[in-house]
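The values are calculated or read from the model by the stated rules, or taken from the named source; none is laboratory data. Bear in mind that the values here come from a model prediction, so they are computed numbers and not experimental data. For neighbour counting, all protein chains shown are included, and Cβ atoms are generated from backbone atoms with ideal geometry for every residue, glycine included. Surface areas here come from the heavy atoms of the whole protein model, side chains and all, with no ligands, DNA or RNA. Shrake-Rupley method; radii C 1.70, N 1.55, O 1.52, S 1.80 Å.
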Number of protein chains: 2
Amino acid sequence: MTSDREGAVAALAYLASRRERIAASLEALAERRGSALERAPGGGRATLERVVEYCLRGKMIRGGLVHLGYAAAAGAGPDRSLGAAVESVADSAALSIELFQAGLLVHDDIMDRDETRRGGPSIHARYADEARALGAADGLHVGEALGICAGDLCYFEAYAELSRALSGHPFARAVLGLFSQVLSEVATAQMADVRWGSAAAEVGEEEILAMYRCKTARYTFSLPLAAGALIAGDEASADALSAIGESLGIAFQLRDDELNLFGDPALTGKRPGGDLREGKKTLLRAGLLSAAPPSELPRLRSILGDAQASDADIDYVRRLAESLGVRPALSRKSAELAERARSGIAALRCPDAAARGILEGLAEYVTFRDK
Amino acid sequence: MTSDREGAVAALAYLASRRERIAASLEALAERRGSALERAPGGGRATLERVVEYCLRGKMIRGGLVHLGYAAAAGAGPDRSLGAAVESVADSAALSIELFQAGLLVHDDIMDRDETRRGGPSIHARYADEARALGAADGLHVGEALGICAGDLCYFEAYAELSRALSGHPFARAVLGLFSQVLSEVATAQMADVRWGSAAAEVGEEEILAMYRCKTARYTFSLPLAAGALIAGDEASADALSAIGESLGIAFQLRDDELNLFGDPALTGKRPGGDLREGKKTLLRAGLLSAAPPSELPRLRSILGDAQASDADIDYVRRLAESLGVRPALSRKSAELAERARSGIAALRCPDAAARGILEGLAEYVTFRDK
């Protein structure tokens, strides 16, 4: 982050500050639920501890956004009787969204055969290693089977926490309905993603944008922000934050595409061009393929999806993306979306000036982050 | 079923009659939720239709037991204001338990590498075939990845339906809490099951009994019966039905062990000894291993887990189980549990004589069924 982006820095500091709080509730959950599951075969405590440790390795952005949505809407809704008591509901919703995310990632790592995640072994990879050490003939398969169960447990625990906390809350049905709707969309989108990865056919820009809207925008940004606002009792703010979250999320994802190719490795910590080498169906890729003149297509196509593509190849694609206007178009679109988010933020009732400031900082962060 | 077991016949007829009703709500769900998921990439309608078709191939025992629990408790609780309106809540709970079961089975088939289920291809096997037809290099893996997502979708849709239907219900928290608790126990037990299957070590009778209690008794019998009673507004009946369900479920599973070795193939449709050949960790197996004299252990051990064991081998184990008293002990225990269930049923308030009769028929069915 360039140091003059003070709003972005403040937004990140806010999310980091929520992390401690979520971590504490995750640890309490492992303890409490570990006891409740003791009578089941297999115990459950060890699995919960492992899942919680996995959550703690994450940035917990989604959980932090629940708190931000709550702070932005608290005191803005018609029902003033919803007071400090519901803050604990926001805590539970933040905890549960981190558990849902853990479950999705555990399953995702099995699908993608990723052995590492969040700076450590993925859940199924660790189970596979343990199974091999115990002499299992097919350790990977045993690890995958245990990983599927561990992911399922995350979902069941997440719903348990969420529905328990929301019991008697006037917007219980709306919050639970929102979680389920968005999670079902994510499961469906994930299937499309698996199919895209296994088929050679190109995917159109509209479809890719719909994927960004679903997985990054609606799931990562809109859901937690809107859930927080509903918990604070303000439906109007929830709707507004949902729209703001969509803009922020797509802007974030477009910047992600851009950073992946143009980012400074010293800041991102990644060798540029990873998405291209992987053959990931990004908007940047689709833009390149639709803008490239026939003369450039053979070389471009040979690089896309080639895990061994050289730095010179990536540099060629970088220049092409610049000269064809693909990169400028991405930046422009990302900036437009951030601007739209800013208008939405300005129109929020949001009695809490600090929360408004953090939201504005987020709009700065999503388009100007450099890592 | 021997024709003189009229109670058992009536219980099966009751469950079959509930099936139509649950099937109709499943089909309505595919239609309604297919529309709601249309904006997500991948649509979701086709997946829902496939999942519903998979549910429809099942016997829907669990869904039927929700209706039975509801019927047994309706009008027995303190809150008479819970009237016909909550019958639709029972419909939703029945639908959602079938969706949970579908999700668990879809994931289970991936873990067990089962290609068929419920008289047709398993979900991931069908996806794998389709991926291969489209030229995917690793069709099985693509099928498994899509199957994991489809199972996840089942859970999300099941919770959505359940929490929507329970909104405003006085026992919403209790019902949602019960579902989550039992499902988490099942996920945990499933992990123990995977570990049992991948390790050579024997499992003790207590642990196997805990597995039967969790997966067959509490999940398949207690959960739906108690959920139905809670929906009807009667906590006392829910507790009683939960205990009755535990007895019925364990009795059912013990009879299952017995039928697997001693059943008449003309009735069960299965070659006897399947569990033994598979090496499944059943109570019958644990009983045999602990009762067999040292002189019989080598032959017995060579047969357990031998997929190629001959019919003569199985016949030998059958005679051993009889002479060592293992089979009589199973039958006795199953009959005792059914008797305990009958006492519980006699003590139920249950104003509905027909529902009481069906419960009694179930107690007859679980111990005397011959297929």
| said: I need the full set of residues from segment A:270-279 which are surrounded by fewer than 18 Cβ atoms within 10 Å (Cβ to Cβ) and on the phi > 0 side of the Ramachandran plot, in order please. | reply: A:279
| message | Please verify whether residue A:339 is among the charged types (D, E, K, R) and within 28 Å of residue A:69 (Cβ to Cβ), treating the condition exactly as stated. | response | yes
| note | Among (1) modelled with pLDDT of 95 or more; (2) open to solvent by 60 Å² or more (accessible area, probe 1.4 Å); (3) in contact with a strand residue (DSSP E or B) (Cβ under 9 Å, 6 or more places away or on another chain), residue B:109 falls short only on (2)
| Test result for residue B:204, facing another protein chain (nearest Cβ under 8 Å), open to solvent by 20 Å² or more (accessible area, probe 1.4 Å) and more than 20 Å from the chain's Cα centre (by Cα) | no
| query | Any residue at all in segment B:42-53 that is open to solvent by 40 Å² or more (accessible area, probe 1.4 Å), within 14 Å of another protein chain (Cβ to nearest Cβ) and not in a helix (DSSP H, G or I)? | reply | yes
| message | For the list (1) buried (at least 23 other Cβ atoms within 10 Å of the Cβ); (2) in contact (Cβ under 8 Å) with a residue 40 or more places away in the chain; (3) out of contact with any Phe, Trp or Tyr (no Cβ under 6 Å at 6 or more places or on another chain), I need the number of the one condition that residue A:231 fails. | response | (3)
| query | Does any residue of segment A:237-248 turn out to be exposed (fewer than 15 other Cβ atoms within 10 Å of the Cβ), over 23 Å from the mean Cα position of the chain (by Cα) and part of a helix (DSSP H, G or I)? | reply | no
| request: Look through A:72, A:23 and report the one residue that is under 18 Å from the mean Cα position of the chain (by Cα) and touching a residue at least 24 places away in the same chain (Cβ under 8 Å). | output: A:23
| With respect to residue B:305, is the statement that it is out of contact with any Pro (no Cβ under 6 Å at 6 or more places or on another chain), touching a residue at least 60 places away in the same chain (Cβ under 8 Å) and small (Gly, Ala, Ser) true? | no
| message | Could you go through segment A:212-223 and let me know if any residue there is at pLDDT below 95 and within 13 Å of another protein chain (Cβ to nearest Cβ). | response | yes
| remark: Screening A:18, A:5 for residues that are within 18 Å of the chain's Cα centre (by Cα) and more than 14 Å from chain B (Cβ to nearest Cβ) leaves only A:18
| So how many residues does segment B:305-315 have that are out of contact with any helix residue (DSSP H, G or I) (no Cβ under 6 Å at 6 or more places or on another chain) and part of a loop (DSSP other than H, G, I, E, B)? | 4
| request: Would you mind finding the one in A:56, A:29 that is more than 26 Å from residue A:241 (Cα to Cα) and open to solvent by less than 10 Å² (accessible area, probe 1.4 Å)? | output: A:29
| query | Which of the residues spanning segment A:316-351 are out of contact with any Asp or Glu (no Cβ under 9 Å at 6 or more places or on another chain), crowded, with 16+ Cβ neighbours inside 10 Å and outside any helix (DSSP H, G or I)? | reply | A:348, A:350
| request: Count, please, the residues in segment B:118-147 that happen to be at the interface with chain A (Cβ under 9 Å from one of its Cβ atoms) and on the phi > 0 side of the Ramachandran plot. | output: 1
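For every residue, the table says whether it meets (1) closer than 30 Å to residue B:137 by Cβ; (2) open to solvent by 60 Å² or more (accessible area, probe 1.4 Å); (3) out of contact with any Gly (no Cβ under 9 Å at 6 or more places or on another chain).
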site	(1), (2), (3)
A:252	no, no, yes
A:261	yes, no, no
A:265	no, yes, yes
A:268	no, no, yes
A:297	yes, no, yes
A:302	yes, yes, yes
| query | Looking at segment A:160-195, which of the residues that are open to solvent by 30 Å² or more (accessible area, probe 1.4 Å) and closer than 19 Å to residue A:69 by Cβ is nearest to the other protein chains (Cβ to nearest Cβ)? | reply | A:173
| request: Would you check if residue A:94 is buried (at least 21 other Cβ atoms within 10 Å of the Cβ) and farther than 15 Å from residue A:162 by Cα? | output: no
| task | Please find, among B:34, B:7, the residue that is touching a residue at least 12 places away in the same chain (Cβ under 8 Å), assigned to a helix (DSSP H, G or I) and out of contact with any Leu (no Cβ under 7 Å at 6 or more places or on another chain). | result | B:7
| task | Considering (1) open to solvent by 30 Å² or more (accessible area, probe 1.4 Å); (2) under 30 Å from residue B:270 (Cβ atoms), say which one residue B:138 fails and leave the rest. | result | (2)
